[in-house]
Structures are given as C-alpha cells and as structure tokens.
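The numbers here are math on the coordinates, done by the rules we state, and not lab data. As the structure is a computational prediction, the values presented were derived from the model and not from experiment. Virtual Cβ from ideal backbone geometry, glycine too; neighbours counted across all protein chains shown.
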Amino acid sequence: MSFTWPATLPQLPQNSGASEKAPDLAIRTNMDAGPAKVRRRFTAGVRPHTMKLILTTAQVVILDDFFVSTLSGGAAAFDWVSPRTGGSVEFRFKGPPEYRPLGVGKYDVGFELEELP
C-alpha cells in the first residue's frame, strides 16, 4: 500500500528548512600503512534528509496522526515532493517528528527522512 504526504500540510519546507546528503555507497578500510582502501559497496542507497516546517496546531495534529497511525509509527514509506528536484520521491521517517512551540498556535517541527532508492 502506498501512502502520500497529506495535502493539508506544507508541500515543501519553508525558509530553507531542508538539507540533503548524497547516499553513502562506499566502504573504507584503514590500512596499517598508507592510504585507506575504498570500494563501492552498493549501487543504490538512501539519501538522508533533514526537514523543518512551521505548522499550526491543527497541522501538528495532522502530522502526528499521519506518523503514528497512517505510517505505523514511521514503519511505512510515503510519497512526497523532493525539495531539491521538485519530483515525487519515496520517503521513510528515520525517527519521530519533534515539535517545538513558537508561540500561540505555531510550532517549529523538525524530522529526518530517508529518500529510498
């Protein structure tokens, strides 16, 4: 079953609230002398993303329900827009979202995602 990021939540992080790393596909082995040996370990890997969103109280409830109920606590993957490419990609949460109040009715929400190959 495929899930989709809720339409009632922001479709892209605001104010440069996203970062992405290329997948780590190599393995390094340190040698007793000389440079480390490096070789390709995988042909595809996950791309780590860090996301920040500013949400209203109602949107926090939607995100929390999406994470806890729909995605079974982050176990299931979902489709969302890549902040870098603008294309649809498959993501999975690496851990639960963190909610920090900013004032009345506003929250700074941070979470880490894995873009699946």
If the convex hull of the alpha-carbon atoms of the chain is projected onto planes in all directions, what is the mean projected area in square nanometres? 9.5 nm²
Simple spin-label estimate for SER72/GLU98, 7 Å along Cα→Cβ, in nm, reads 2.7 nm
Pairs of Lys in the chain closer than 19 Å at Cα, counting only those 8 or more apart or on different chains: 4
Low-density loop cleavage sites - chymotrypsin sites (Phe, Trp or Tyr not before Pro) in segment 1-81, where at most 12 other Cβ are within 10 Å (DSSP): PHE42
Which of the trypsin sites (Lys or Arg not before Pro) across segment 1-88 are loop residues per DSSP, with 15 or fewer other Cβ within 10 Å? LYS21, ARG41, ARG84
What FRET efficiency, computed as 1/(1 + (r/R0)^6) with R0 = 35 Å and r the Cβ-Cβ distance, is obtained for GLN11 and ARG40, rounded to the nearest 0.05? 0.50
Stokes-Einstein translational diffusion, segment 49-108 - Kirkwood Rh over all Cα pairs, 1.306 mPa s, 10 °C, in µm²/s: 127 µm²/s
